[in-house]
Amino acid sequence: VRTTTLGGAKAGVIGLGCMSMSFAYTTGRRDDREAVAVIHAALEAGANLIDTADVYGPFANECLVGRALATTELAASALVATKVGLLAPTRDGQDPRPDGRPDHLRAAVAASLRRLGLDCLDICFLHRVDPAVPLAESWGALAEAVAAGLVRWIGLSEVTVAQLDLAHRIHPVAVVENELSLFSRGPLADVAPWCAAHGAGLIAYAPLGRGMLTGHYRSRELFGAGDRRARLPRFAAGAFERNLAIVGRLGDIARRHGATPAQVALAWVLAQGDHIVAIPGTKRLAFLAENLAAAGLGLPPSCLLELDSLGEPVGARK
Ligand SMILES: NC(=O)c1ccc[n+]([C@@H]2O[C@H](COP(=O)([O-])OP(=O)(O)OC[C@H]3O[C@@H](n4cnc5c(N)ncnc54)[C@H](OP(=O)(O)O)[C@@H]3O)[C@@H](O)[C@H]2O)c1
(Lines give C-alpha, C1' and ligand atoms only; values in the text may rest on other atoms or scores of the structure.)
Protein backbone atom coordinates (compact mmCIF):
# COMPACT_ATOMS: atom_id res chain seq x y z
CA VAL A 1 0.00 0.00 0.00
CA ARG A 2 1.38 3.43 -1.05
CA THR A 3 2.12 5.72 1.90
CA THR A 4 1.63 9.33 2.96
CA THR A 5 2.46 11.24 6.14
CA LEU A 6 0.07 11.60 9.06
CA GLY A 7 1.43 13.65 11.93
CA GLY A 8 5.08 12.72 11.62
CA ALA A 9 4.51 9.08 10.74
CA LYS A 10 4.17 7.05 7.58
CA ALA A 11 0.67 5.76 6.92
CA GLY A 12 -0.67 3.53 4.17
CA VAL A 13 -3.12 5.53 2.06
CA ILE A 14 -5.70 2.88 2.86
CA GLY A 15 -6.23 2.26 6.54
CA LEU A 16 -8.78 0.25 8.46
CA GLY A 17 -11.98 1.54 10.04
CA CYS A 18 -12.85 -0.73 12.96
CA MET A 19 -16.26 0.70 13.96
CA SER A 20 -18.47 -1.89 12.28
CA MET A 21 -16.67 -4.69 14.12
CA SER A 22 -18.52 -3.70 17.31
CA PHE A 23 -20.92 -0.79 16.71
CA ALA A 24 -23.50 0.99 14.57
CA TYR A 25 -23.85 -1.53 11.74
CA THR A 26 -25.21 -4.79 13.03
CA THR A 27 -25.88 -6.20 9.57
CA GLY A 28 -24.43 -9.69 9.29
CA ARG A 29 -22.33 -11.39 11.86
CA ARG A 30 -20.27 -10.07 14.69
CA ASP A 31 -17.18 -12.24 14.94
CA ASP A 32 -14.36 -10.92 17.12
CA ARG A 33 -12.00 -13.65 15.91
CA GLU A 34 -12.36 -12.62 12.28
CA ALA A 35 -12.18 -8.96 13.32
CA VAL A 36 -8.79 -9.52 15.01
CA ALA A 37 -7.63 -11.39 11.88
CA VAL A 38 -8.75 -8.42 9.76
CA ILE A 39 -6.67 -6.02 11.89
CA HIS A 40 -3.63 -8.33 11.62
CA ALA A 41 -4.07 -8.70 7.85
CA ALA A 42 -4.35 -4.92 7.43
CA LEU A 43 -1.06 -4.42 9.29
CA GLU A 44 0.62 -7.14 7.23
CA ALA A 45 -0.43 -5.34 4.06
CA GLY A 46 0.86 -1.96 5.27
CA ALA A 47 -2.62 -0.54 5.92
CA ASN A 48 -1.28 0.56 9.28
CA LEU A 49 -3.75 3.29 10.29
CA ILE A 50 -6.14 1.55 12.67
CA ASP A 51 -9.14 3.77 13.42
CA THR A 52 -11.28 3.29 16.52
CA ALA A 53 -13.06 5.42 19.16
CA ASP A 54 -14.07 5.05 22.78
CA VAL A 55 -17.75 5.40 21.83
CA TYR A 56 -17.67 2.40 19.47
CA GLY A 57 -19.29 -0.31 21.55
CA PRO A 58 -19.00 1.75 23.76
CA PHE A 59 -15.48 0.71 24.69
CA ALA A 60 -15.68 -2.80 23.16
CA ASN A 61 -14.01 -1.69 19.91
CA GLU A 62 -10.96 -0.24 21.68
CA CYS A 63 -10.69 -3.44 23.75
CA LEU A 64 -10.84 -5.48 20.52
CA VAL A 65 -8.12 -3.35 18.89
CA GLY A 66 -6.07 -3.69 22.09
CA ARG A 67 -6.37 -7.50 21.90
CA ALA A 68 -5.37 -7.46 18.24
CA LEU A 69 -2.30 -5.31 18.97
CA ALA A 70 -1.29 -7.56 21.85
CA THR A 71 -1.28 -10.62 19.61
CA THR A 72 0.85 -9.47 16.66
CA GLU A 73 4.53 -8.75 16.19
CA LEU A 74 3.46 -5.96 13.84
CA ALA A 75 1.97 -3.84 16.64
CA ALA A 76 4.88 -1.40 16.43
CA SER A 77 4.01 -0.64 12.80
CA ALA A 78 0.44 0.31 13.70
CA LEU A 79 -0.63 3.93 13.77
CA VAL A 80 -3.44 3.79 16.29
CA ALA A 81 -6.03 6.54 16.04
CA THR A 82 -8.78 6.83 18.59
CA LYS A 83 -11.37 9.48 19.37
CA VAL A 84 -12.73 10.91 22.58
CA GLY A 85 -15.44 13.42 23.40
CA LEU A 86 -18.61 11.55 22.45
CA LEU A 87 -20.82 9.73 24.94
CA ALA A 88 -22.69 6.58 23.96
CA PRO A 89 -26.48 6.79 23.61
CA THR A 90 -28.38 5.75 26.70
CA ARG A 91 -31.42 4.60 24.69
CA ASP A 92 -31.87 2.73 21.40
CA GLY A 93 -32.33 5.05 18.44
CA GLN A 94 -30.43 7.93 20.06
CA ASP A 95 -27.24 9.38 18.62
CA PRO A 96 -24.05 9.72 20.69
CA ARG A 97 -23.79 13.16 22.32
CA PRO A 98 -20.72 15.36 22.69
CA ASP A 99 -18.86 15.91 25.94
CA GLY A 100 -15.91 18.20 25.34
CA ARG A 101 -15.28 19.19 28.97
CA PRO A 102 -11.54 19.08 29.70
CA ASP A 103 -12.00 16.81 32.74
CA HIS A 104 -13.93 14.31 30.67
CA LEU A 105 -11.34 14.37 27.88
CA ARG A 106 -8.44 13.86 30.32
CA ALA A 107 -10.17 10.85 31.88
CA ALA A 108 -11.15 9.52 28.42
CA VAL A 109 -7.55 9.62 27.12
CA ALA A 110 -6.36 7.70 30.19
CA ALA A 111 -9.12 5.11 29.75
CA SER A 112 -8.42 4.69 26.01
CA LEU A 113 -4.73 4.09 26.73
CA ARG A 114 -5.68 1.35 29.23
CA ARG A 115 -8.12 -0.36 26.86
CA LEU A 116 -5.69 -0.24 23.93
CA GLY A 117 -2.78 -1.41 26.10
CA LEU A 118 -0.62 1.53 25.01
CA ASP A 119 1.61 4.07 26.80
CA CYS A 120 0.98 6.67 24.13
CA LEU A 121 -1.78 7.13 21.54
CA ASP A 122 -0.45 7.85 18.06
CA ILE A 123 -3.42 10.02 17.10
CA CYS A 124 -6.24 11.24 19.33
CA PHE A 125 -9.21 13.07 17.84
CA LEU A 126 -11.77 15.28 19.45
CA HIS A 127 -14.65 13.22 18.02
CA ARG A 128 -17.04 16.17 17.87
CA VAL A 129 -16.81 19.80 18.88
CA ASP A 130 -19.12 20.21 21.89
CA PRO A 131 -21.30 23.29 21.33
CA ALA A 132 -21.56 23.70 25.11
CA VAL A 133 -17.78 23.95 25.66
CA PRO A 134 -15.42 26.49 24.03
CA LEU A 135 -13.32 24.60 21.48
CA ALA A 136 -10.18 26.23 22.93
CA GLU A 137 -10.86 24.41 26.24
CA SER A 138 -11.43 20.98 24.68
CA TRP A 139 -8.49 21.37 22.32
CA GLY A 140 -6.33 22.70 25.13
CA ALA A 141 -6.98 19.52 27.13
CA LEU A 142 -5.80 17.38 24.19
CA ALA A 143 -2.74 19.62 23.73
CA GLU A 144 -1.92 19.02 27.42
CA ALA A 145 -2.10 15.26 26.76
CA VAL A 146 0.54 15.75 24.03
CA ALA A 147 2.72 17.74 26.42
CA ALA A 148 2.35 14.96 29.00
CA GLY A 149 3.57 12.36 26.48
CA LEU A 150 0.22 10.53 26.39
CA VAL A 151 -0.58 11.37 22.74
CA ARG A 152 1.69 12.02 19.73
CA TRP A 153 -0.62 13.95 17.41
CA ILE A 154 -4.07 15.42 17.85
CA GLY A 155 -6.84 15.99 15.38
CA LEU A 156 -10.44 17.07 14.92
CA SER A 157 -13.34 15.19 13.39
CA GLU A 158 -16.37 16.65 11.55
CA VAL A 159 -15.01 20.17 11.63
CA THR A 160 -15.25 23.41 9.73
CA VAL A 161 -12.36 25.53 8.50
CA ALA A 162 -13.21 28.21 11.11
CA GLN A 163 -12.85 25.61 13.89
CA LEU A 164 -9.59 24.36 12.35
CA ASP A 165 -8.16 27.89 12.25
CA LEU A 166 -9.08 28.45 15.90
CA ALA A 167 -7.59 25.15 17.08
CA HIS A 168 -4.45 25.47 14.96
CA ARG A 169 -3.56 28.77 16.66
CA ILE A 170 -3.45 26.90 20.01
CA HIS A 171 -1.74 23.64 18.96
CA PRO A 172 -1.04 22.21 15.48
CA VAL A 173 -3.89 20.21 13.97
CA ALA A 174 -1.98 17.20 12.65
CA VAL A 175 -4.94 15.30 11.22
CA VAL A 176 -8.58 15.90 10.31
CA GLU A 177 -11.19 13.14 9.98
CA ASN A 178 -14.28 14.08 7.98
CA GLU A 179 -16.73 12.08 5.90
CA LEU A 180 -15.51 12.02 2.29
CA SER A 181 -16.73 9.83 -0.55
CA LEU A 182 -18.37 10.03 -3.95
CA PHE A 183 -21.57 10.54 -1.96
CA SER A 184 -20.15 13.15 0.49
CA ARG A 185 -17.85 15.57 -1.30
CA GLY A 186 -18.25 18.56 1.02
CA PRO A 187 -14.67 18.55 2.43
CA LEU A 188 -13.17 18.96 -1.05
CA ALA A 189 -14.39 22.57 -1.16
CA ASP A 190 -12.64 23.81 1.99
CA VAL A 191 -11.37 21.30 4.56
CA ALA A 192 -9.20 19.29 2.14
CA PRO A 193 -7.43 22.44 0.83
CA TRP A 194 -7.03 23.68 4.42
CA CYS A 195 -5.30 20.41 5.36
CA ALA A 196 -3.01 20.57 2.32
CA ALA A 197 -2.07 24.18 3.12
CA HIS A 198 -1.39 23.48 6.81
CA GLY A 199 0.51 20.19 6.44
CA ALA A 200 -2.30 18.19 8.04
CA GLY A 201 -3.40 14.76 6.88
CA LEU A 202 -7.03 14.19 5.93
CA ILE A 203 -8.64 10.91 6.89
CA ALA A 204 -11.66 10.18 4.72
CA TYR A 205 -14.17 8.33 6.85
CA ALA A 206 -17.08 6.36 5.38
CA PRO A 207 -15.29 6.39 1.98
CA LEU A 208 -17.70 3.70 0.78
CA GLY A 209 -20.76 5.81 1.61
CA ARG A 210 -21.39 3.59 4.66
CA GLY A 211 -21.39 0.55 2.38
CA MET A 212 -23.78 1.91 -0.25
CA LEU A 213 -21.06 2.52 -2.87
CA THR A 214 -19.97 -1.14 -2.82
CA GLY A 215 -23.13 -2.29 -4.59
CA HIS A 216 -23.39 -4.97 -1.89
CA TYR A 217 -26.57 -3.58 -0.32
CA ARG A 218 -29.39 -4.08 -2.84
CA SER A 219 -32.29 -3.94 -0.40
CA ARG A 220 -33.22 -2.01 2.73
CA GLU A 221 -34.18 -5.35 4.29
CA LEU A 222 -30.45 -5.95 4.78
CA PHE A 223 -30.36 -3.36 7.55
CA GLY A 224 -31.71 -4.75 10.80
CA ALA A 225 -33.51 -2.62 13.40
CA GLY A 226 -30.27 -1.98 15.32
CA ASP A 227 -28.41 -0.84 12.22
CA ARG A 228 -27.87 2.92 12.40
CA ARG A 229 -28.04 3.21 8.61
CA ALA A 230 -31.74 2.39 8.64
CA ARG A 231 -32.29 5.82 10.29
CA LEU A 232 -30.16 7.85 7.86
CA PRO A 233 -31.97 9.91 5.18
CA ARG A 234 -29.97 8.39 2.31
CA PHE A 235 -31.06 4.92 3.30
CA ALA A 236 -34.73 5.85 3.79
CA ALA A 237 -37.33 4.22 1.54
CA GLY A 238 -37.50 6.19 -1.70
CA ALA A 239 -34.06 7.78 -1.35
CA PHE A 240 -32.37 4.37 -1.09
CA GLU A 241 -33.75 3.15 -4.41
CA ARG A 242 -32.79 6.37 -6.21
CA ASN A 243 -29.28 6.20 -4.75
CA LEU A 244 -29.00 2.59 -5.93
CA ALA A 245 -29.43 3.88 -9.47
CA ILE A 246 -26.28 6.02 -9.02
CA VAL A 247 -24.46 2.98 -7.64
CA GLY A 248 -25.56 1.11 -10.76
CA ARG A 249 -23.76 3.70 -12.92
CA LEU A 250 -20.69 3.38 -10.66
CA GLY A 251 -20.86 -0.39 -11.27
CA ASP A 252 -20.81 0.16 -15.05
CA ILE A 253 -17.69 2.34 -14.75
CA ALA A 254 -16.00 -0.20 -12.46
CA ARG A 255 -16.68 -3.06 -14.91
CA ARG A 256 -14.99 -1.11 -17.72
CA HIS A 257 -11.87 -0.79 -15.55
CA GLY A 258 -11.86 -4.42 -14.40
CA ALA A 259 -12.51 -3.34 -10.81
CA THR A 260 -15.31 -3.47 -8.27
CA PRO A 261 -17.49 -0.46 -7.32
CA ALA A 262 -15.82 -0.35 -3.88
CA GLN A 263 -12.36 -0.20 -5.45
CA VAL A 264 -13.32 2.58 -7.86
CA ALA A 265 -15.00 4.54 -5.04
CA LEU A 266 -11.82 4.26 -2.94
CA ALA A 267 -9.50 5.10 -5.85
CA TRP A 268 -11.59 8.26 -6.50
CA VAL A 269 -11.14 9.34 -2.85
CA LEU A 270 -7.36 8.76 -3.02
CA ALA A 271 -7.14 10.72 -6.28
CA GLN A 272 -8.40 13.85 -4.46
CA GLY A 273 -5.04 14.52 -2.76
CA ASP A 274 -1.74 12.98 -1.71
CA HIS A 275 -2.48 13.89 1.92
CA ILE A 276 -5.64 11.76 2.04
CA VAL A 277 -5.96 8.38 3.76
CA ALA A 278 -9.19 6.43 3.21
CA ILE A 279 -10.38 4.19 6.02
CA PRO A 280 -12.98 1.79 4.62
CA GLY A 281 -14.61 -0.05 7.51
CA THR A 282 -14.92 -3.77 7.48
CA LYS A 283 -14.98 -6.80 9.73
CA ARG A 284 -14.45 -9.31 6.90
CA LEU A 285 -11.19 -10.56 5.41
CA ALA A 286 -12.65 -10.78 1.89
CA PHE A 287 -13.81 -7.14 1.96
CA LEU A 288 -10.43 -6.04 3.35
CA ALA A 289 -8.56 -7.72 0.48
CA GLU A 290 -10.89 -6.14 -2.08
CA ASN A 291 -10.47 -2.69 -0.52
CA LEU A 292 -6.68 -2.87 -0.21
CA ALA A 293 -6.37 -3.61 -3.93
CA ALA A 294 -7.84 -0.14 -4.61
CA ALA A 295 -4.53 1.44 -3.56
CA GLY A 296 -2.97 0.14 -6.78
CA LEU A 297 -5.85 1.15 -9.04
CA GLY A 298 -4.90 4.20 -11.07
CA LEU A 299 -7.93 5.76 -12.73
CA PRO A 300 -7.38 7.78 -15.92
CA PRO A 301 -8.48 11.45 -15.86
CA SER A 302 -11.45 10.68 -18.13
CA CYS A 303 -12.73 8.15 -15.58
CA LEU A 304 -12.27 10.61 -12.69
CA LEU A 305 -14.29 13.18 -14.67
CA GLU A 306 -17.02 10.65 -15.25
CA LEU A 307 -17.09 9.87 -11.53
CA ASP A 308 -17.18 13.59 -10.71
CA SER A 309 -20.40 13.85 -12.69
CA LEU A 310 -22.13 10.78 -11.21
CA GLY A 311 -24.61 13.00 -9.42
CA GLU A 312 -25.55 13.90 -5.87
CA PRO A 313 -27.23 11.26 -3.73
CA VAL A 314 -30.77 11.84 -2.51
CA GLY A 315 -31.09 12.57 1.22
CA ALA A 316 -28.79 14.21 3.77
CA ARG A 317 -25.77 12.21 4.91
CA LYS A 318 -26.83 12.23 8.58
N1 LIG B 1 -14.92 10.37 12.73
C2 LIG B 1 -16.18 10.01 12.68
O3 LIG B 1 -17.07 10.70 13.16
C4 LIG B 1 -16.54 8.69 12.02
C5 LIG B 1 -17.88 8.41 11.67
C6 LIG B 1 -18.16 7.20 11.05
C7 LIG B 1 -17.12 6.31 10.78
N8 LIG B 1 -15.84 6.60 11.14
C9 LIG B 1 -14.71 5.68 10.88
O10 LIG B 1 -14.66 5.43 9.48
C11 LIG B 1 -14.67 4.04 9.24
C12 LIG B 1 -15.36 3.75 7.92
O13 LIG B 1 -16.66 4.31 7.90
P14 LIG B 1 -17.99 3.43 7.87
O15 LIG B 1 -17.68 2.08 8.39
O16 LIG B 1 -19.04 4.21 8.54
O17 LIG B 1 -18.40 3.38 6.34
P18 LIG B 1 -17.73 2.77 5.01
O19 LIG B 1 -16.31 2.46 5.24
O20 LIG B 1 -18.10 3.71 3.94
O21 LIG B 1 -18.58 1.43 4.80
C22 LIG B 1 -18.52 0.38 5.71
C23 LIG B 1 -19.58 -0.63 5.34
O24 LIG B 1 -19.28 -1.17 4.07
C25 LIG B 1 -19.14 -2.58 4.13
N26 LIG B 1 -18.01 -2.92 3.28
C27 LIG B 1 -16.70 -2.58 3.42
N28 LIG B 1 -15.97 -3.01 2.38
C29 LIG B 1 -16.82 -3.65 1.56
C30 LIG B 1 -16.67 -4.32 0.30
N31 LIG B 1 -15.48 -4.38 -0.30
N32 LIG B 1 -17.78 -4.89 -0.28
C33 LIG B 1 -18.98 -4.81 0.33
N34 LIG B 1 -19.20 -4.18 1.51
C35 LIG B 1 -18.12 -3.60 2.12
C36 LIG B 1 -18.88 -2.89 5.58
O37 LIG B 1 -19.38 -4.18 5.86
P38 LIG B 1 -18.90 -5.10 7.11
O39 LIG B 1 -18.89 -4.19 8.30
O40 LIG B 1 -19.94 -6.14 7.17
O41 LIG B 1 -17.55 -5.62 6.78
C42 LIG B 1 -19.67 -1.80 6.29
O43 LIG B 1 -21.02 -2.17 6.38
C44 LIG B 1 -15.40 3.45 10.46
O45 LIG B 1 -15.08 2.08 10.63
C46 LIG B 1 -14.87 4.32 11.57
O47 LIG B 1 -13.62 3.85 12.00
C48 LIG B 1 -15.54 7.80 11.74
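Summary of values
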quantity: Within the stretch 199-228, tally of residues that are near the ligand (Cβ under 8 Å from one of its atoms) and part of a helix (DSSP H, G or I); calculated: 6
quantity: Long-range neighbours under 6 Å by Cβ, at least six apart or interchain, first residue of a type in the set (F, W, Y) within the stretch 128-149, second modelled with pLDDT of 95 or more and surrounded by fewer than 17 Cβ atoms within 10 Å (Cβ to Cβ); calculated: W139/I170
quantity: Some residue of the stretch 242-261 being assigned to a helix (DSSP H, G or I), within 21 Å of the chain's Cα centre (by Cα) and more than 13 Å from the ligand (Cβ to nearest atom); calculated: no
quantity: Residue under evaluation P172, criteria (1) within 30 Å of L142 (Cβ to Cβ); (2) in a helix (DSSP H, G or I); (3) not hydrophobic (A, V, I, L, M, F, W, C), criterion not met; calculated: (2)
quantity: Number of positions in the stretch 295-306 that are of a type in the set (A, V, I, L, M, F, W, C) and either within 16 Å of the ligand (Cβ to nearest atom) or under 23 Å from F23 (Cβ atoms) (or both); calculated: 2
quantity: Filter pass, A259 being at pLDDT below 95, surrounded by 14 or more Cβ atoms within 10 Å (Cβ to Cβ) and among the aliphatic types (A, V, I, L, M); calculated: no
quantity: Condition check for A75: in contact with a helix residue (DSSP H, G or I) (Cβ under 6 Å, 6 or more places away or on another chain) and within 29 Å of C195 (Cβ to Cβ); calculated: yes
quantity: Scan of the stretch 82-100 for residues that are part of a loop (DSSP other than H, G, I, E, B) and either touching a Gly at 6+ places or on another chain (Cβ under 9 Å) or acidic (D, E) (or both), ordered by number; calculated: G85, A88, D92, D95, D99, G100
quantity: Filter result for A196 (out of contact with any His (no Cβ under 9 Å at 6 or more places or on another chain), outside any strand (DSSP E or B) and more than 15 Å from the ligand (Cβ to nearest atom)); calculated: no
quantity: Residues of the stretch 267-294 that turn out to be assigned to a helix (DSSP H, G or I) and within 13 Å of the ligand (Cβ to nearest atom), as a count; calculated: 13
quantity: Residues that are touching a helix residue (DSSP H, G or I) at 6+ places or on another chain (Cβ under 8 Å), buried (at least 23 other Cβ atoms within 10 Å of the Cβ) and among the small types (G, A, S), drawn from the stretch 79-113; calculated: G85, G100, S112
quantity: Test: W153 is out of contact with any Phe, Trp or Tyr (no Cβ under 7 Å at 6 or more places or on another chain), part of a helix (DSSP H, G or I) and among the aromatic types (F, W, Y); calculated: no
quantity: Residues of the stretch 175-193 satisfying the condition of being of a type in the set (A, V, I, L, M), part of a loop (DSSP other than H, G, I, E, B) and within 15 Å of the ligand (Cβ to nearest atom); calculated: L180, L182
quantity: Unique match (being under 18 Å from the mean Cα position of the chain (by Cα) and small (G, A, S)) among G100, G7; calculated: G7
quantity: Residue in the stretch 58-76 that is out of contact with any Leu (no Cβ under 8 Å at 6 or more places or on another chain), near the ligand (Cβ under 10 Å from one of its atoms), closer than 24 Å to F287 by Cα and assigned to a loop (DSSP other than H, G, I, E, B) present; calculated: no
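One line per residue, one yes/no per condition, for (1) among the aromatic types (F, W, Y); (2) more than 9 Å from the ligand (Cβ to nearest atom); (3) touching a residue at least 12 places away in the same chain (Cβ under 8 Å); (4) not in a helix (DSSP H, G or I):
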{"position": "A11", "(1), (2), (3), (4)": "no, yes, yes, yes"}
{"position": "Y25", "(1), (2), (3), (4)": "yes, no, yes, yes"}
{"position": "E34", "(1), (2), (3), (4)": "no, yes, yes, no"}
{"position": "A41", "(1), (2), (3), (4)": "no, yes, yes, no"}
{"position": "D54", "(1), (2), (3), (4)": "no, yes, yes, yes"}
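The values are calculated or read from the model by the stated rules, or taken from the named source; none is laboratory data. Quick caveat, the model's predicted, so the values are computed rather than measured. All Cβ positions, glycine included, derive from the backbone under ideal geometry; neighbour counts span all protein chains shown.
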